[in-house]
Amino acid sequence: MGLLNFYRKVLWSSPIGSYSAITYVLKQVSHSPHSETLTRCISSCRVLSSPKLHDISCNNKSAQLRHVHVSKLLTLNIQPQTEHKTVNERPALRKPNESHSLKELSPFAEKIPQKQLYNNIVEDFPEGIQMAFAYGSGVFQQHNSLEKTRNMLDFIFVVDKPKKWHSQNLEKHSHHYSFLKKFGPHTIARIQERYGAGIYFNTLVPMQGRLIKYGVISTARLITDLLDWESLYISGRLHKPISLIILPTNEDLITAMKVNLRSAVHAALLLLPDMFTEEQLYTTITSLSYAGDFRMGIAEDNNKVSNIVKPNLQLFRRMYGPILREEEHVTWWQNEGQFEQASTFHSRHHHLKCLPGQVLYGLLMHKFQIGVFPDLEEIITRHAYDSDCGKHVASSIRHIVKKSSVTQTLKGILTAGFSKSIKYALNKVFKKLKSK
């Protein structure tokens, strides 16, 4: 019981229940013989009701309270009990007031034939998809890329119950899966949830006259990545323009998507100088999820980030414009496409407060010894006084991306199968060689 007492001490000794303390203890739950006792300890801990938690509100106290609450639920593998509409229950078109709040999340207005193609593809999959979106070079024109119609289409499907969804998809599209289909939906869902970035990809799948790749992720896992940047894998993709095919109805998911965009702005502003252009801002935001990705040096286009940003500046502006106009710590001259900010203690402190939990955890590791769990405000204040805090933020983000890119790539070899993995990798290498 000595270890159990240590966990209790970590939780109760932290003045506000800092994210690092919560994360540290929660990660032990699934591996501890005292998991039930630990869960009760966490539930009764004062951290979730502490008034000081409001100090990290970042202009949205309810979202940050949900941040801690959702992180707790997801680590304990408890999914939100929210009812959602399935793919077959969704209306063909949403009312204007329902879609208005999501327009900045999906700024791309496709031509009708292209949109219909996406709908036809998604409708060929089982029910239970709570959100679906298309992304990548097959959807958005990229500088110096092939025609969109020649590129593979990339999709992400968000489902509440991965095991049930994979079971239905195996009955309908078993040929999409690698040898792992022999182990059944339980194993597939377990691999999806427990390894890599919590997403399961099937790639090089022929549908509707196109090759597609689709990833499946649980609603709960996506929410925690959007709020915490646990892996920055899907949350990073959502920093860039996407085409929403099935609009989410889960309020927690919608809120998390908006928080994710705000987090990207705050992180980017910490990395940028006092004066910068609009293109530099969007380039910095786009780079967040690629920094530290080992694939960038091996099999990705050397100009990948700029190729994404330059042709789509208007789409980025529609995504981030509302956030930037509300941000009091930066001045935006829209006609000139220029920004100015003052790199002061107060501005750094403001942006640091709004960073996701895993980034702050990396900052904790930089300033404090392992095993020390200071007040979260102390972590933020120490870095706010440091004029080089942007470098430490960048380092923390790189660490997140590096870890998830390695584990997800290794996982992809299993989920795609050896032959498809080789073919997919060769296509990437070929594109990289062409970019030189």
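The values are calculated or read from the model by the stated rules, or taken from the named source; none is laboratory data. A quick note: this is a predicted structure, and the numbers were derived from the prediction, not measured. In this analysis, Cβ positions are derived from the backbone assuming ideal geometry, glycine residues included, and neighbour counts consider all displayed protein chains. Each accessible area value is taken on the protein alone, full model and side chains, heavy atoms only, with ligands, DNA and RNA left out. Shrake-Rupley method; radii C 1.70, N 1.55, O 1.52, S 1.80 Å.
Keeping every protein chain present and rolling a 1.4 Å probe, give me the accessible area per residue for the range 171-259 in Å².
I get 32 Å² per residue for this part.
Give the carbon-plus-sulfur fraction of the accessible surface of the range 241-341 in %, rounded to a whole number; probe 1.4 Å, heavy atoms of protein chains only.
In the range 241-341, the share of accessible area belonging to carbon and sulfur is 47 percent.
Which of the GluC sites (Glu not before Pro) found in the range 308-349 are in a DSSP loop and have at most 10 neighbouring Cβ atoms, other than their own, within 10 Å?
Those that pass, being in a loop and sparsely packed, are 328, 336.
So for the range 154-297, what are the equivalent ellipsoid semi-axes in whole Å, largest first, each being the square root of 5 times an eigenvalue of the Cα gyration tensor?
31, 16, 14
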